[in-house]
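Peer 1: Structure below; questions to follow.
Each reported figure results from applying straightforward, stated rules to the coordinates on display, with no laboratory input. Note that this is a predicted model, so its numbers are computed, not measured. Note: ideal-geometry Cβ built from the backbone for every residue, glycine included; neighbour counts use all protein chains shown.
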Amino acid sequence: MDADNTISLKEKIDLERLPKHVAIIMDGNGRWAKSKGKPRVFGHQSGVTSVREAAESAAELGIPYLTLYAFSTENWNRPRFEVTALMRLLLQTINDEVVTLNKNNIRLNAIGDLESLPKLNRERLLRAMDETSKNDRMTLTLALSYSSRWEIVQAARKLAELVENGSCKAKDVDQACFEGLLTTKGMPDPELLIRTSGESRISNFMLWQIAYAELYFSQKFWPDFRKEDLYEAILDYQCRERRFGKTSEQLTKKK
Ligand code: FPP
């Protein structure tokens with residue numbers, strides 16, 4: 001797509017009706033690399049450019065929360081070589097990008113079982129989160145060693161402990177209290193969930209939080225995902241009627 005088209009797509013977006021939180025399942029790095037006769041790791045490396053493009057375009061538009069599924073609990077089962085390469089890439093990207101995040105007033109956040117990350121990754125990640133903690137233009141959350149079932153089980157365990165030690169009564173358990181025990185505490189739920197690579201699955205990602213999210217499946221492999229692809233997803237989102245269980249007529253009357 002040429003630059004003119006990109007601008008016109010961006011201009012079509014209604015800035016008053018942006019999703020407050022966009023979440024992305026970045027998929028297709030391996031297939032993208034394979035289609036070019038390259039090793040899978042080349043796909044992951046190339047995917048970093050798309051991470052940058054997505055973060056830049058979301059911040060420029062004024063989207064306050066962007067969450068990227070970077071490494072799932074299940075990804076630990078990949079060949080050791082690929083896991084090591086992904087961890088190295090993550091470390092390198094965090095090192096390279098902290099200055100830019102600060103320049104652009106973006107806070108880095110992470111959700112997932114961070115204890116399971118290699119020590120160096122965890123330490124550098126926590127330091128980067130601390131170094132960007134005062135930024136308030138956008139929160140960029142990386143889901144790392146994350147899976148929704150892991151998150152829900154750890155929330156249930158914490159809740160059981162609270163009930164066990166008497167700080168909470170079973171009859172007082174409600175959605176708000178459960179949400180407060182999830183790793184996304186304090187964040188709005190994603191209103192738009194994008195998955196690349198043509199797969200139409202959620203793959204254990206933010207299952208609680210996406211209860212009312214609009215789903216958008218892009219045919220592009222993640223390394224090919226560019227700013228205009230995010231604009232297209234947002235334009236598609238803005239054409240949807242979000243009813244939250246109500247009828248169309250109820251929504252029209254309210255206007
Ligand atoms: C899915 O493609 C992608 C991943 C498991 C890793 C995502 C990582 C990056 C984009 C690079 C680093 C990211 C950050 C945030 C620094 P896949 O390997 O499952 O592709 P396939 O389905 O074609 O095999």
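Peer 1: Report, as a whole number in µm² per second, the diffusion coefficient that Stokes-Einstein gives for segment 1-110 at 10 °C and 1.306 mPa s using the Kirkwood radius over alpha carbon pairs.
Peer 2: Values: Rh = 15.8 Å.
The Stokes-Einstein estimate is 100 µm²/s.
Peer 1: Give me the percent relative contact order of segment 39-122, please, defined on Cα pairs under 8 angstrom at least 6 residues apart. Walk me through the numbers on the way to the answer.
Peer 2: Values: 21 pairs, mean separation 25.9, N = 84.
Taking the mean separation of contacting Cα pairs over the length of segment 39-122, I get 31 percent.
Peer 1: Using helices alone, what [θ] at 222 nm do you get for the chain, with -39,500 (n - 2.57) per DSSP H run of 4 or more residues, divided over all residues and rounded to the nearest 500? All intermediate terms of the calculation are to be shown ahead of the outcome.
Peer 2: Values: 9 runs with 117 residues, N = 255.
Taken over the chain, the calculation gives -14500 deg cm²/dmol.
Peer 1: If you build the convex hull over the alpha carbons only and average its shadow over all orientations, what do you get for segment 109-153? Give it in nm² to one decimal.
Peer 2: 3.4 nm²
Peer 1: Kirkwood hydrodynamic radius, computed over distinct alpha-carbon pairs, for segment 99-246: how many Å, to one decimal?
Peer 2: Value: 17.8 Å, from the Cα pair sum.
Peer 1: Continuing with the same structure: What translational D, rounded to a whole number of µm²/s, comes out for segment 31-181 from Stokes-Einstein when the hydrodynamic radius is the Kirkwood one over Cα pairs, at 10 °C and 1.306 mPa s? Write down the numbers at each step before the final one.
Peer 2: Working: Rh = 17.3 Å.
Roughly 92 µm²/s, to the nearest whole number.
Peer 1: Hey, which of these cross-link pairs are over 28 Å Cα-Cα: K220/K246; K10/K220; K119/K185; K12/K220; K185/K253; K103/K185? Mind showing how you got there, number by number?
Peer 2: Details: K220/K246 33 Å; K10/K220 19 Å; K119/K185 24 Å; K12/K220 21 Å; K185/K253 33 Å; K103/K185 26 Å.
Result: K220/K246; K185/K253 exceed 28 Å.
Peer 1: Sequence gap at least 6, Cα distance under 8 Å: using those rules, report the relative contact order of segment 6-80 to the nearest whole percent.
Peer 2: Details: 53 pairs, mean separation 30.2, N = 75.
For segment 6-80, the relative contact order is 40 percent.
Peer 1: Search the structure for amide H atoms under 5 Å from the amide H of I111, placed 1.01 Å from N in the peptide plane, and list their residues when 5 or more places away or on another chain.
Peer 2: For I111, the qualifying residues are L142, A143, L144.
Peer 1: Moving on to the next point. Of P118, L193, Q45, whose Cα points farthest to the positive end of the dipole of the chain (charges on the beta-carbon: +1 Lys, Arg; -1 Asp, Glu; origin at the Cα centre)?
Peer 2: Final value for the positive-end residue is P118.
Peer 1: Determine by what factor the alpha-carbon radius of gyration of the chain differs from 2.2 N^0.38 Å, reporting the quotient. Before the final figure, lay out each step's value.
Peer 2: On the way: Rg = 19.1 Å, N = 255, 2.2 N^0.38 = 18.1 Å.
The value comes to 1.06.
Peer 1: Highest first, please rank the peptides 153-161, 194-202 by the mean number of other Cβ atoms sitting within 10 Å of their residues. Let's see the in-between values first.
Peer 2: Details: 153-161: 13.6, 194-202: 17.4.
Ranking, from highest mean packing down: 194-202, 153-161.
Peer 1: Just need the relative contact order of the chain here, percent rounded to a whole number, with Cα pairs under 8 Å and 6+ apart.
Peer 2: Numbers: 367 pairs, mean separation 72.5, N = 255.
Here the relative contact order equals 28 percent.
Peer 1: Using R₀ = 35 Å, calculate the FRET efficiency as 1/(1 + (r/R₀)^6) where r is the Cβ-Cβ separation of K38 and V173; round to 0.05. Intermediate results must be reported in sequence, preceding the final value.
Peer 2: Values: r = 50 Å, r/R0 = 1.43.
Once rounded, the FRET efficiency stands at 0.10.
Peer 1: Rounded, prolate or oblate, given the Cα gyration tensor of segment 153-218, with a/c below 1.5 counting as rounded?
Peer 2: Numbers: a/c = 3.77, a/b = 2.69, b/c = 1.40.
Since a/c reaches 1.5 and a/b is larger than b/c, the shape of segment 153-218 is classed as prolate.
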